[in-house]
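The values are calculated or read from the model by the stated rules, or taken from the named source; none is laboratory data. What you are looking at is a predicted structure, and each value in this text was computed from that prediction instead of being measured. Here the Cβ positions follow ideal geometry from the backbone for every residue, glycine too, while neighbour counts run over all protein chains shown. Heads up: the accessible areas ignore ligands, DNA and RNA and are worked out on the full protein's heavy atoms, side chains in. Shrake-Rupley method; radii C 1.70, N 1.55, O 1.52, S 1.80 Å.
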Amino acid sequence: MHKHHSALGLATTLSNAARGIDIAKHGPVQPVTLIRPHAASRAARFFVEKFPGRSMYAVKANPSPALLQILWESGITHYDVASIAEVRLVARTLPGATLCFMHPVKAEEAIEEAYFTHGVRVFSLDSIEELEKIVRATREAQDLTLCVRLRVSSEHSKLSLASKFGAAPGETKALLFAARQAADALGICFHVGSQAMTPEAYANAMERVRAAIVEAAVTVDVIDVGGGFPSTYPGMEPPPLDRYFETIGRAFESLPVSYSSELWCEPGRALCAEYSSLVVRVERRRGNELYINDGAYGALFDAAHIGWRFPVELLREPDSHARDMEFSFYGPTCDDMDHMAGPFLLPADTRAGDYIEIGMLGAYGCAMRTAFNGFGSDETVVVADEPMASLYTTDEREVASNVVTL
Ligand SMILES: *Cc1c(COP(=O)(O)O)cnc(C)c1O
């Protein structure tokens, strides 16, 4: 892996190198993923220090072993895994980590391997069938922490997780009661949907938890408020994370749970969104449409399919002084759906051959890449500059000043 001070530094260095050996007039032909270890480490330390309970990392947001290592070194000891491949990955990468298998619908073979081979003791479920599966697969183990997933509203979130999983109000009493019989420790978990834009989302979900506990009259040992903690994107700037933590802490304190009960959370996006960005090249301009070399089948699935607006920045030296205008992007595949509506604000003179950095792709960006149509690349470069936006620092990124220190 190469190290560069900044995104612009990378574009100019590679561009000069390429020119020198006369491969092409320009720099990297493939999209390049920029990695910012310090940003992931800062996010992890923030959760470890400030969340009023235990923070575990939801691995699906970005399963990169390098990231797992950074989070571990920054104090994240528990990992929310959802498939046997994620169980194996984390067990192999971080042998000391505690794994929690939080997918409510698992293969019985996966539960068995997780329990007997990898020492997994925490499982989630949202049905009696799943409870029976867990009991069978672990041969009636007596050391399980079983977390019953409740269905809660996703109304405050940008990505709903309200339809697929979670026990409905009429089902929770019997399920909590049955899980209590099978569990050493009983938990209740939920997920308010991804990118929850207000702490209210958690306050409302905690009211559902309260109602479920009161109705079932069971002793609960763990409250797991799931993921959903936001990052910051254009047009989606959330309140500070401390406000979420305060709201959750207050709600937890007022629940009818035992004194020794624990509070957990499972952030994915909030821990890794700032970890990576992508440098793409403009291959063609047609009016206000830019044809770039990554897209819906690369790291930009969310930009294409749910209209997510990632921050963008033209990496050109000297800086363009043209005013900004709104662009949309086409990705490199031959598919019309490989289109990202944006709008993405870039200088009006942006043209073919320019490099653009697309920010905040550490969560659900790099993790979702495919090689469809022969496009995409694994090239990765570590940089030390600030991400385009951050929930964890108020420092404004100064691209121009980074060039000097190259
Ligand atoms: C996806 C997922 C998470 C992480 O969600 P974010 O919105 O990225 O924080 C946490 N828990 C479960 C069970 C999930 O499915």
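How many residues does segment 332-390 contain that are in contact with a Gly (Cβ under 8 Å, 6 or more places away or on another chain), of a type outside the set (A, V, I, L, M) and more than 29 Å from TYR57 (Cβ to Cβ)? Of the residues in that region, 6 qualify. Residues being open to solvent by 10 Å² or more (accessible area, probe 1.4 Å) and among the aromatic types (Phe, Trp, Tyr) are represented in segment 112-129 by at least one member.
One residue is enough: does segment 81-103 have a residue meeting the conditions under 30 Å from ALA384 (Cβ atoms), assigned by TED's automatic domain parsing to the domain that holds PRO267 and either modelled with pLDDT under 95 or open to solvent by less than 10 Å² (accessible area, probe 1.4 Å) (or both)? Yes, segment 81-103 contains at least one residue that is under 30 Å from ALA384 (Cβ atoms), assigned by TED's automatic domain parsing to the domain that holds PRO267 and either modelled with pLDDT under 95 or open to solvent by less than 10 Å² (accessible area, probe 1.4 Å) (or both). Listed by position, the strands (runs of 3 or more DSSP E) contained in segment 219-286 that have at least 2 residues being of a type outside the set (Phe, Trp, Tyr) and more than 16 Å from the ligand (Cβ to nearest atom) are 276-286.
From the list LEU131, LEU94, LEU71, the lone residue that is away from the ligand (no atom under 16 Å from the Cβ), touching a residue at least 24 places away in the same chain (Cβ under 8 Å) and under 30 Å from SER41 (Cα atoms) is LEU94. Those helices (runs of 4 or more DSSP H) of segment 82-163 in which at least 3 residues are more than 21 Å from the chain's Cα centre (by Cα), considering only elements entirely within it, cover 108-116, 128-137.
Looking only at segment 359-374, residues that are on the phi < 0 side of the Ramachandran plot and of a type outside the set (A, V, I, L, M, F, W, C) come to 5 in all. In this structure, GLU289 does satisfy being of a type in the set (Asp, Glu) and over 25 Å from the mean Cα position of the chain (by Cα). Count of segment 134-160 residues, restricted to those that are open to solvent by less than 30 Å² (accessible area, probe 1.4 Å) and in contact with a helix residue (DSSP H, G or I) (Cβ under 9 Å, 6 or more places away or on another chain), is 12.
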